[in-house]
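Here is the structure we will look at.
The values are calculated or read from the model by the stated rules, or taken from the named source; none is laboratory data. Small disclaimer: the values here were computed from a predicted structure and weren't measured. Glycine also receives a Cβ, built like all others from the backbone with ideal geometry; neighbour counts cover every protein chain displayed. Heads up: the accessible areas ignore ligands, DNA and RNA and are worked out on the full protein's heavy atoms, side chains in. Shrake-Rupley method; radii C 1.70, N 1.55, O 1.52, S 1.80 Å.
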Amino acid sequence: MSDRELNFAKTILGDRSYRDVPDDEVLREAERLLSDWMAGELRLERPKLYDHYALLLAALLRRTRELEARVAELEARRD
């Protein structure tokens, strides 16, 4: 484990705007960071972790809307 604390959002975003990072990448990297953090394999800036849940939640909300639209489309085809 590194003693260095990582900033959750900056680690995912790098130098990019949050609008430039695909949701798949946000979800993949968030899962990796959170899993490693919970396993004690890396340290995250805890106050920043809570502040930057918005990044993860925004990606999850977009993904949920996308999946809901796909389900609605499939249900409409079935009927």
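One table, with the values for the structure above:
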| quantity | calculated |
| --- | --- |
| Residue in the range 27-74 that is modelled with the lowest pLDDT, counting only those that are under 19 Å from Gly14 (Cα atoms) and among the acidic types (Asp, Glu) | Asp51 |
| Failed condition for Ala30, given (1) under 11 Å from the mean Cα position of the chain (by Cα); (2) surrounded by fewer than 10 Cβ atoms within 10 Å (Cβ to Cβ); (3) of a type in the set (Gly, Ala, Ser) | (2) |
| Among (1) in contact (Cβ under 8 Å) with a residue 40 or more places away in the chain; (2) open to solvent by 50 Å² or more (accessible area, probe 1.4 Å) - the single one Asp20 does not satisfy | (1) |
| Selected residue [modelled with pLDDT under 90, out of contact with any Leu (no Cβ under 8 Å at 6 or more places or on another chain) and in a loop (DSSP other than H, G, I, E, B)] from Asp15, Asp3 | Asp3 |
| Close pairs from the range 2-13: first crowded, with 17+ Cβ neighbours inside 10 Å, partner part of a helix (DSSP H, G or I) and of a type in the set (Lys, Arg), Cβ under 9 Å, at least 6 apart | Leu6/Lys48; Phe8/Lys48; Ala9/Lys48 |
